[in-house]
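Participant: Before I ask anything, let me first share the structure, which is written out below as structure tokens.
The values are calculated or read from the model by the stated rules, or taken from the named source; none is laboratory data. What you see is a predicted model, and the numbers here were worked out from it, not measured in a lab. Glycine gets a Cβ as well: all are built from the backbone with ideal geometry, and neighbour counts include every protein chain shown.
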Amino acid sequence: MSRNPSRPHPSGELQHQAEHTVPRKSPSILVYLAVLFVVAFFLLFIAYFQQQRLNKEATDDARKQSASALQSIQDLLSENEKLREEVSGLEARVDALAQEKDSLNLTIQGWADQADLAERQLAAMDYFWRIQRLYSRGSRRSALELVQEFESSGLTQELPRTNPSGIEGTSPADQYQALLDALDYRPEP
């Protein structure tokens with residue numbers, strides 16, 4: 001094998017080319033890492049501010065809810081106090097009405113007692129007038145029978161002891177006693 005001196009050896013040629021060739025500028029791995037680092041840092045920066053904004057909104061919402069809850073509690077406490085005062089006023093009113101009711105019941109009882117007394121006095125006066133009429137007509141026996149009925153009814157005690165007209169004079173009880181004397185009535189023992 002002979003070597004051609006005009007032709008250089010292939011491995012020598014490669015070496016020569018490698019030594020004389022200017023490498024093409026290509027981005028190095030450090031540039032890629034720097035770009036990735038900047039992008040990652042930028043994304044973290046954006047995420048940080050986004051998180052801060054969300055935290056601020058959550059804090060503001062919590063403050064608003066807290067303030068709203070506090071205002072609601074204050075309103076409820078105020079309403080509760082008003083209701084307590086209203087209850088106290090109503091209880092006082094109930095007590096006053098109960099006293100007024102008791103007073104009215106006493107008044108009604110007094111009127112009922114007076115009405116009952118007036119009714120008994122009217123019944124007694126009716127007996128007295130009927131006895132007096134029978135005696136005036138000369139019916140002594142009928143008058144005595146009515147006197148016995150009157151005495152047994154217990155209404156004789158209800159005859160007024162004073163003159164109801166207010167004029168001085170004898171009372172119906174005194175007039176009845178005089179009528180009994182005129183009839184010569186003696187109660188049976």
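Participant: Could you tell me which numbered condition ALA178 fails, if it satisfies all but one of (1) surrounded by 13 or more Cβ atoms within 10 Å (Cβ to Cβ); (2) assigned to a helix (DSSP H, G or I)?
Facilitator: Every condition holds for ALA178 apart from (1).
Every residue, every condition in (1) of a type in the set (D, E, K, R); (2) surrounded by 15 or more Cβ atoms within 10 Å (Cβ to Cβ); (3) in a loop (DSSP other than H, G, I, E, B); (4) touching a residue at least 40 places away in the same chain (Cβ under 8 Å), yes or no:
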{"site": "LEU106", "(1), (2), (3), (4)": "no, no, no, no"}
{"site": "PHE128", "(1), (2), (3), (4)": "no, yes, no, yes"}
{"site": "GLN157", "(1), (2), (3), (4)": "no, no, no, no"}
{"site": "ARG186", "(1), (2), (3), (4)": "yes, no, yes, no"}
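Participant: Kindly indicate the residue of the range 130-152 that is of a type in the set (D, E, K, R) and loosely packed, with under 11 Cβ neighbours inside 10 Å and also farthest from LEU183 (Cα to Cα) among those meeting that condition.
Facilitator: The qualifying residue farthest from LEU183 (Cα to Cα) is ARG137.
Participant: Quick check on my filter: what residues within the range 161-182 are modelled with pLDDT under 85 and at negative phi?
Facilitator: Residues satisfying the conditions are ARG161, THR162, ASN163, PRO164, SER165, ILE167, GLU168, THR170, SER171.
Participant: Quick check on LEU134: is it under 17 Å from ARG186 (Cα atoms), part of a helix (DSSP H, G or I) and either out of contact with any Cys (no Cβ under 8 Å at 6 or more places or on another chain) or among the aliphatic types (A, V, I, L, M) (or both)?
Facilitator: Here the answer is no, as LEU134 does not meet what is asked.
Participant: Could you identify the single residue in GLN15, GLN50 that is at pLDDT below 90, out of contact with any Phe, Trp or Tyr (no Cβ under 8 Å at 6 or more places or on another chain), more than 30 Å from GLU151 (Cα to Cα) and surrounded by 10 or more Cβ atoms within 10 Å (Cβ to Cβ)?
Facilitator: GLN15
Participant: Among the listed residues ALA124, ALA112, which satisfies the condition of being within 30 Å of ALA182 (Cβ to Cβ), among the aliphatic types (A, V, I, L, M) and assigned to a helix (DSSP H, G or I)?
Facilitator: The match here is ALA124.
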